[in-house]
Amino acid sequence: MNIRSNKKSEINKLVDIWYEGSLLAHDFIDKDYWKQQRTVMAEKYLPMSETYVVSNEEDVVGFVSMVDNYLAALFIDVKYQGGGYGKGLLDFIKTQRRTIQLKVYKKNNKAVDFYFKNGFVIKEELVDEQTSEKEFLMEWNKC
């Protein structure tokens with residue numbers, strides 16, 4: 001497992017990983033919403049974030065994007081989920097921060113469980129304005 005800063009030439013690959021992962025993890029949200037977000041992800045969110053990719057011997061298999069202490073995105077290619085890449089990226093980011101906050105959809109049980117297992121706690125329940133879905137604001141603090 002290799003973790004490094006992303007390259008601009010990898011933006012389209014990261015958007016593809018994000019899009020496929022979003023469709024799978026958020027099947028309770030209309031697919032058109034995710035299609036509409038692709039350009040914004042490529043042109044705004046990824047460029048403004050501190051993004052690291054994780055790769056195996058052949059290819060980039062996932063990424064994490066941070067904005068200050070906010071974990072804006074953590075996505076693993078659907079073909080590689082469950083292989084420890086997400087935990088590897090999260091552990092990597094934890095070495096660089098004293099606190100991390102994120103938002104996760106309440107219905108995304110797999111992700112909520114993942115963050116619980118990795119030391120995050122729910123700070124607040126919110127409603128995402130764009131999707132009207134309930135989400136948790138979660139936080140991790142270095143001991």
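Worth pointing out:
- Candidates LYS35, LYS31, filtered to the one that is surrounded by fewer than 18 Cβ atoms within 10 Å (Cβ to Cβ), out of contact with any helix residue (DSSP H, G or I) (no Cβ under 7 Å at 6 or more places or on another chain) and not β-branched (Val, Ile, Thr): LYS35
- Scanning the range 43-84 for residues that are of a type in the set (A, V, I, L, M) and surrounded by fewer than 17 Cβ atoms within 10 Å (Cβ to Cβ), we see that the one that is farthest from LYS117 (Cα to Cα) is MET48.
Each row is one residue, and each column tells you yes or no for (1) at pLDDT below 95; (2) farther than 21 Å from LEU46 by Cβ; (3) crowded, with 16+ Cβ neighbours inside 10 Å.
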site	(1), (2), (3)
GLY86	no, no, yes
PHE92	no, no, no
ARG98	no, yes, no
VAL104	no, no, yes
TYR115	no, yes, yes
MET138	no, yes, yes
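- When THR39 is tested against (1) among the polar types (S, T, N, Q); (2) modelled with pLDDT under 95; (3) over 18 Å from GLN130 (Cβ atoms), only condition (3) is not met.
- The set of residues in the range 40-59 being touching a residue at least 40 places away in the same chain (Cβ under 8 Å) and of a type in the set (S, T, N, Q) consists of THR51, SER55, ASN56.
- Verdict on SER22 being without any contact (Cβ under 8 Å) to a residue 24 or more places away in the chain and either under 27 Å from ASN141 (Cα atoms) or part of a loop (DSSP other than H, G, I, E, B) (or both): no
- Residue within the range 46-68 that is of a type outside the set (A, V, I, L, M) and more than 19 Å from GLU10 (Cα to Cα) present: yes
- Scanning the range 77-126 for residues that are under 13 Å from the mean Cα position of the chain (by Cα), outside any loop (DSSP other than H, G, I, E, B) and among the polar types (S, T, N, Q) yields one hit, GLN101.
The values are calculated or read from the model by the stated rules, or taken from the named source; none is laboratory data. These numbers come from a predicted model, not from an experiment. Quick reminder, even Gly has a Cβ in these numbers, built from the backbone with ideal geometry, and neighbours come from all protein chains shown.
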